[in-house]
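Working notes, beginning with the structure itself.
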Amino acid sequence: VRIDDDEAFVIVRDVSDVHSLEHDLREMNQQLEERVADRTAALARESLGRKEANEALAARAEELERVLRDARCIIWRSNITQVEGKRLIWTPSRTDDAMFRAELPLTVKPGESYQDAWTNSILPEDKARMDTVGNRAVLSGQAGYVQTYTCTDENGSARRIREDVALRRTGK
């Protein structure tokens, strides 16, 4: 088209596909927004579920601690490693705890853990027997063992201690 000195170029195009693509894009966007909203709601529910589970777990842990305190007992877990033939090394998962100290008060020297103080408080004649009983039970595949020994507490008083040990193989 030409008017005086101005020209106009007109391009005619079939945009049926573009409108269809725009419609499809809007529809896909709507579906994506719905999926995001659904997933966000699911994550919120999962988060609430985890929070409730953690609260229940904390409540049970407190209850277990109360039961142990009232029962006046100490529970800990040890990992056992075999070295040099039949020599076993017992490594407790916890070496100090307020419950331990309440049940068997010991003098813990600087640089020493409660576990070290506990080991040092056992009468020497009991210590050798304890090692033999525990190691024999592990090496022979027993389910557990019971032993009694004497410790000397922080006041110098002899305290008879009974260990009921359950053994569970977790490695190979």
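The values are calculated or read from the model by the stated rules, or taken from the named source; none is laboratory data. Predicted model, so just to flag it, every value in this text is computed and none were measured. All Cβ positions, glycine included, derive from the backbone under ideal geometry; neighbour counts span all protein chains shown. Accessible surface is based on the protein model in full, side chains and every heavy atom, while ligands, DNA and RNA are left aside. Shrake-Rupley method; radii C 1.70, N 1.55, O 1.52, S 1.80 Å.
Counting only heavy atoms of protein chains, what accessible area per residue, in Å², does region 8-150 have with a probe of 1.4 Å? Please list the in-between numbers first.
Numbers: 10850 Å² over 143 residues.
Heavy-atom accessible area per residue stands at 76 Å².
Please give the contour-minus-distance gain from Glu33 to Ser113: 0.36 nm per residue of separation, less the Cα-Cα distance, rounded to one decimal in nm. Spell out each step's value before the answer.
Values: separation 80, 0.36 × 80 = 28.80 nm, distance 5.68 nm.
Computed gain between Glu33 and Ser113 is 23.1 nm.
Once ligands and nucleic acids are excluded and a 1.4 Å probe is used, how much of Leu21 is accessible, expressed in Å² to the nearest 10?
Solvent-accessible area, nearest 10 Å²: 110 Å².
Among all stretches of the chain without exposed chymotrypsin sites (Phe, Trp or Tyr not before Pro) (DSSP loop, at most 13 other Cβ atoms within 10 Å), which one is longest? Spell out each step's value before the answer.
Working: sites that count: Phe9, Trp76.
Of all site-free stretches, the longest is 77-172.
Given the -39500 (n - 2.57) contribution per DSSP H run of 4+ residues, what per-residue ellipticity at 222 nm results for the chain, rounded to the nearest 500 deg cm²/dmol? Please report the intermediate quantities before stating the final value.
Values: 4 runs with 86 residues, N = 172.
It comes out at -17500 deg cm²/dmol, rounded to the nearest 500.
For the chain, which whole percent of the accessible surface, found with a 1.4 angstrom probe, sits on carbon and sulfur atoms? Write down the numbers at each step before the final one.
Values: 7100 of 13640 Å².
Its accessible area is 52 percent carbon and sulfur atoms.
Positive end of the charge dipole of the chain (Lys, Arg +1 and Asp, Glu -1 on Cβ, about the Cα centre): tell me which of Thr148, Ala102, Thr119 has its Cα farthest that way.
Projecting each Cα onto the dipole axis, the largest value belongs to Thr148.
Once phi is turned into θ = phi - 60°, what whole-Hz ³J(HN,Hα) does the Karplus curve with 6.51, -1.76 and 1.60 give for every residue of region 90-95, x standing for Gly and Pro?
3J(HN,Hα) across region 90-95, in whole Hz: 9, 10, x, 6, 10, 10.
Placing +1 on the Cβ of each Lys and Arg and -1 on the Cβ of each Asp and Glu in region 15-172, which of Leu68, Leu25, Thr91 has its Cα farthest towards the positive end of the resulting dipole?
Of the options given, the answer is Thr91.
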